[in-house]
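For reference, the structure is listed below as structure tokens.
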Amino acid sequence: MNEWVAVAIGGMLGALMRHGLSVTFSLLGPAWLPIATLLANCLGCFAMGILVVCTTYLGQHTHMLAIGLRVGLLGGLTTFSSFALDVAKSWHEGQGMTSATLVLAHVGLGLSALIIGMQAAKTLLPEVAGE
């Protein structure tokens, strides 16, 4: 039951963060909303990289924290459905290059952010990385 609470609290916080990004970027105009989605996904990937390294080191006794952060917080922050909608909308509007750029940016930058987050955790916390 405690896992459910950890996921619920994390999810609420992640969703609020995601909404905050959307509101902030919407102030710049509707064209900026796909950038808010990209930023949310890249921040989530970066955080996931750090989290994976730290929870691997800390082991099983961080299970509740890891579930709350990975499934809850990062699940609420990141959004595949909004990414898919941004791509579909730009495609439907005849902006094929924008659609392709969004796909490449999300996948490329997301994977890069994950790897950078993992490396940052290993560099800044060598005891966590076992080095």
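The values are calculated or read from the model by the stated rules, or taken from the named source; none is laboratory data. All of these numbers come straight from a predicted model, not from anything done at the bench. Note that we place each Cβ from the backbone using ideal geometry, even for glycine, and neighbour counts take in every protein chain shown.
The C-beta contact set for the range 95-111 (first residue over 21 Å from Leu77 (Cβ atoms) and modelled with pLDDT of 95 or more, second residue surrounded by 17 or more Cβ atoms within 10 Å (Cβ to Cβ) and among the hydrophobic types (A, V, I, L, M, F, W, C), distance under 6 angstrom, 6+ apart or interchain) comprises Ser99/Val87.
Looking across the range 83-104, just one residue is small (Gly, Ala, Ser) and touching a Pro at 6+ places or on another chain (Cβ under 9 Å), and that is Ser90.
This table checks each residue for (1) surrounded by 14 or more Cβ atoms within 10 Å (Cβ to Cβ); (2) within 28 Å of Glu127 (Cβ to Cβ).
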{"site": "Thr37", "(1), (2)": "yes, no"}
{"site": "Leu51", "(1), (2)": "yes, yes"}
{"site": "Ser81", "(1), (2)": "no, no"}
{"site": "Ala100", "(1), (2)": "no, no"}
{"site": "His106", "(1), (2)": "yes, no"}
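Table: residues versus (1) of a type in the set (D, E, K, R); (2) surrounded by fewer than 18 Cβ atoms within 10 Å (Cβ to Cβ); (3) modelled with pLDDT of 95 or more.
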site: Arg18; (1), (2), (3): yes, no, yes
site: Gly44; (1), (2), (3): no, no, yes
site: Ala47; (1), (2), (3): no, no, yes
site: Thr55; (1), (2), (3): no, no, no
site: Gly59; (1), (2), (3): no, yes, no
site: Leu125; (1), (2), (3): no, yes, no
